[in-house]
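Structure record follows, encoded as structure tokens.
The values are calculated or read from the model by the stated rules, or taken from the named source; none is laboratory data. Nothing here was measured: the structure is a model prediction, and the numbers come from that model. When we count neighbours, we look across all protein chains shown, and the Cβ atoms used for this are built from the backbone with ideal geometry, even at glycine. To get the accessible areas, we keep the full protein, side chains included, count just its heavy atoms, and leave off ligands, DNA and RNA. Shrake-Rupley method; radii C 1.70, N 1.55, O 1.52, S 1.80 Å.
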Amino acid sequence: MDVMLTRCAGLDVHKKTIVACVLIHTATESRQVIQTFGTTTGALRALADWLTDLQVTHVAMESTGSYWKPVFTVLEALFTTWLVNPAHIKAVPGRKTDVKDSAWIAQLLQHGLLQPSFIPDRAQRELRELTRYRKSLIRRAGARGQPHSEGLGRREHQARLGHQRCARGLGDAHSPGFGAGGNGSRSVGHPGG
């Protein structure tokens, strides 16, 4: 099978650990390097540094639940990073281990046999998170029978203010030089009016 990527990594992501397998296949060397990392911010930065030191260009990860999110966030700016659907990866023959899984993901990526799942860009993901958080605050305040602004703690109040700033920022982005309607009409002062 043809090698499509000369330096790539497969990650098997779990709640507390990430098993990483890097495959290097160049004209002068062919090797596999495996290492396990934690999931703290420091450990994710160590993973990114390790992948950078090995000159990895592409990373594919398999994860169930939402454990992939912080890993993806740290790696997306440095590498072509893919989240792949576990259902699209055929089971590894033999006994299942995290090391075998990460190596299998790396092999499939190396040979061009994986397709990335759709992940919205960072700005859209952040806006979605903010919207979900706002909805949860509204539900929580409604469940208490209180108006939305009453009874909120400091954290909830700061999140609400952040949402308002974000909404204003979006409005500003769509209306430079336009009137309040955003339809291209400009406000012009009339003499005597």
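Scanning the stretch 73-88 for any residue that is in a helix (DSSP H, G or I), at pLDDT 95 or above and closer than 22 Å to residue 4 by Cα turns up at least one such residue. Selection of the stretch 49-71 for residues being buried (at least 20 other Cβ atoms within 10 Å of the Cβ), closer than 19 Å to residue 14 by Cβ and hydrophobic (A, V, I, L, M, F, W, C) yields 51, 59, 60, 61, 68, 71. Filtered by the rule that a residue be surrounded by 13 or more Cβ atoms within 10 Å (Cβ to Cβ) and among the basic types (Lys, Arg), the stretch 104-140 gives 125, 134, 140. Can you tell me which residues in the stretch 4-38 are small (Gly, Ala, Ser) and within 24 Å of the chain's Cα centre (by Cα)? Within the stretch 4-38, 9, 10, 20, 38 meet the criteria. Are there any pairs with C-beta distances below 7 angstrom linking a residue in the stretch 122-138 that is free of Cβ contacts under 8 Å to residues at least 60 places away in the same chain to a residue that is open to solvent by 50 Å² or more (accessible area, probe 1.4 Å), with the two at least 6 apart or on different chains, and if so which? Qualifying pairs under 7 Å: 137/160; 138/148.
Every test in (1) at pLDDT below 85; (2) of a type in the set (Asp, Glu); (3) open to solvent by less than 90 Å² (accessible area, probe 1.4 Å) is passed by residue 101 save one, and that test is (1). Taken together, the criteria place residue 39 among residues that are more than 15 Å from residue 104 (Cα to Cα), buried (at least 16 other Cβ atoms within 10 Å of the Cβ) and of a type in the set (S, T, N, Q).
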